[in-house]
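Contents: one structure, followed by commentary.
What follows draws every value from the coordinates through simple rules; no lab data is involved. These numbers come from a predicted model, not from an experiment. With ideal geometry, Cβ positions are generated from the backbone for all residues, glycine too; neighbour counts draw on all protein chains shown.
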Amino acid sequence: MTEIEIGRGKRGRRAFSFDSVAIVPSRRTRDPEEVSTAWQIDAYRFEMPVVAAPMDSVMSPESAIALGKHGGLGVLNLEGLWTRYADPESLLEEIADLDEAGATRRMQEIYSAPVDPDLITQRIAQIREAGVTVAAALSPSRTKQFSKTVVDAGVDIFVIRGTTVSAEHVSHQIEPLNLKQFIYELDVPVIVGGCATYQAALHLMRTGAAGVLVGFGGGAAHTTHSVLGVAVPMASAVADVAAARRDYLDESGGRYVHVIADGSVGRSGDITKAIACGADAVMLGSPLARAEEAPGRGFHWGMEAHHGELPRGARIHLGTTGTLEEILFGPSHSSDGTMNLVGALRRAMATTGYTELKEFQRIEVVVH
């Protein structure tokens with residue numbers, strides 16, 4: 001890779017965001033009806049490569065069920081309002097009504113309530129009873145504390161999600177989570193992340209994870225770039241992690257680890273570019289937060305927005321675009337890529353001559 005001289009004492013590698021790249025048409029086209037957007041992780045098959053981000057503004061038990069019935073995968077945040085309060089609807093209403101100046105402080109107060117293990121069990125049972133795949137997320141720091149409760153409740157896919165997750169966390173104050181041992185002893189597939197580099201992804205794949213989340217502070221509600229100065233452009237990050245997947249496939253003798261783009265996937269064109277760069281699926285936050293069924297009521301925020309010591313996110317107003325079904329499958333009433341996300345992916349694949357997602361990962365892209 002070509003490095004650029006930033007100054008006499010520092011060089012850096014050029015990296016690209018989704019906005020920096022575009023997909024190139026091939027010599028063949030297809031009918032959109034012939035295109036399959038299905039993917040499978042472990043024993044679980046989904047009709048579209050859409051995983052909902054575990055954020056309180058995006059996923060409630062009800063919206064996770066709705067997304068599952070549409071053919072996607074909803075991931076419930078097990079450290080959110082749904083596991084801290086028996087009925088958080090009034091608090092969600094309050095968060096939507098907060099003025100800008102006091103929003104962060106009040107959200108810190110609301111989220112200071114402890115996580116209730118009994119509510120974890122109830123929420124997972126509610127989703128399971130609906131007959132859809134159950135996925136739920138914990139941060140690395142809470143995984144050891146609540147993992148038995150989560151598995152005993154009947155989760156199908158366990159998600160360990162943080163701003164960044166490493167296979168080797170060093171701490172002199174607490175015993176860190178041994179990811180490799182944890183995943184080995186668990187009876188369910190684990191998706192873990194985020195990560196944003198080839199080496200970090202390779203280490204996560206070696207822990208036995210079924211999927212790796214790619215991204216670092218790039219979501220619409222994140223301010224990690226401003227607060228910590230840390231960010232990685234997503235097109236380059238996905239391509240780097242896809243290369244790690246390829247090399248690990250050879251190293252492990254054929255074990256395929258799924259790559260899920262998590263961050264900066266705000267519009268339908270970003271979904272197609274993420275898959276073109278090598279992703280198997282995308283984790284969506286802000287696009288689904290615009291749904292009428294979303295619990296955020298047109299607002300969007302992540303766990304970082306109410307961190308007790310160093311908030312690295314914001315509650316942002318996105319508004320409501322349409323129903324969840326319209327956002328996923330149309331019909332679209334907007335030309336900005338915020339509706340009919342799956343229809344746009346299907347048409348992009350058809351326009352470039354591909355009928356399967358894994359084939360589409362080989363499409364030519366250009367930097368512009």
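Could you give the length gained on full extension between Gln145 and Arg27, defined as 0.36 nm per residue of separation minus the Cα-Cα distance, in nm? Spell out each step's value before the answer.
Numbers: separation 118, 0.36 × 118 = 42.48 nm, distance 5.37 nm.
Full extension of this stretch gives 37.1 nm more.
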ask   = Hey, rough spin-label estimate for Arg14 and Glu93, points 7 angstrom out along Cα→Cβ, what's it come to in nanometres?
value = 5.4
inquiry  = What is the distance in Å between the Cα centroid of region 119-160 and that of region 48-86?
reply    = 11
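Loop only by DSSP, 12 or fewer other Cβ within 10 Å of the Cβ. Give me the GluC sites (Glu not before Pro) in region 87-121 that pass, ordered by residue number. Please list the in-between numbers first.
Details: sites: Glu89, Glu93, Glu94, Glu100, Glu109; in loops: Glu100.
Answer in residue order: Glu100.
For a protection proxy built on the mean count of beta-carbon atoms within 10 angstrom, sort 5-18, 263-276 highest first, please. Kindly include the intermediate steps, with their values, before the conclusion.
Values: 5-18: 11.8, 263-276: 25.7.
Highest to lowest by the protection proxy: 263-276, 5-18.
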note = In terms of the alpha carbon gyration tensor, root eigenvalues a ≥ b ≥ c, rounded if a/c is under 1.5 and otherwise prolate when a/b exceeds b/c or oblate, region 1-158 is oblate
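At 222 nm, what helix-only mean residue ellipticity would the chain give, in deg cm²/dmol to the nearest 500, using -39500 (n - 2.57) for each DSSP H run of four or more? If you can, show how the numbers build up before the last one.
Details: 14 runs with 126 residues, N = 368.
The helix-only estimate for the chain comes to -9500 deg cm²/dmol at 222 nm.
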request  = Among the lysines, select those whose C-alpha is under 19 Å from the C-alpha of Lys358, and discard any that sit fewer than 8 residues away in the same chain.
outcome  = Lys273
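What fraction of the DSSP beta bridges in the chain is antiparallel, stated in percent and rounded to the nearest 5?
Details: 13 of 41 bridges.
Among the beta bridges of the chain, antiparallel pairing accounts for roughly 30 percent.
Between Tyr85 and Ala38, take the C-beta separation as r, use R0 = 41 Å, and let me know the FRET efficiency to the nearest 0.05.
Details: r = 36 Å, r/R0 = 0.88.
After rounding to 0.05, the efficiency reads 0.70.
Can you tell me the length gained on complete extension of the stretch Thr355 to Tyr184, counting 0.36 nm per residue apart and subtracting the Cα distance? Walk me through the numbers before you get to the answer.
Working: separation 171, 0.36 × 171 = 61.56 nm, distance 3.51 nm.
Answer, rounded to one decimal: 58.1 nm.
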remark   = Taking a straight Cα-to-Cα line shorter than 23 Å from Lys144, and setting aside same-chain lysines fewer than 8 residues away, one finds Lys180
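Tell me, what is the FRET efficiency for Gln108 and Ser335 to the nearest 0.05, using R0 = 35 angstrom and their Cβ-Cβ distance as r?
Details: r = 38 Å, r/R0 = 1.10.
It comes out at approximately 0.35.
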task = Quick one: grab the alpha carbon gyration tensor of the chain, order the square roots of its eigenvalues as a ≥ b ≥ c, and give me rounded if a/c is under 1.5, else prolate or oblate depending on whether a/b is larger than b/c.
result = rounded
key: Label-point separation in nm, Thr320 to Val365, each point 7 Å along Cα→Cβ   = 3.5
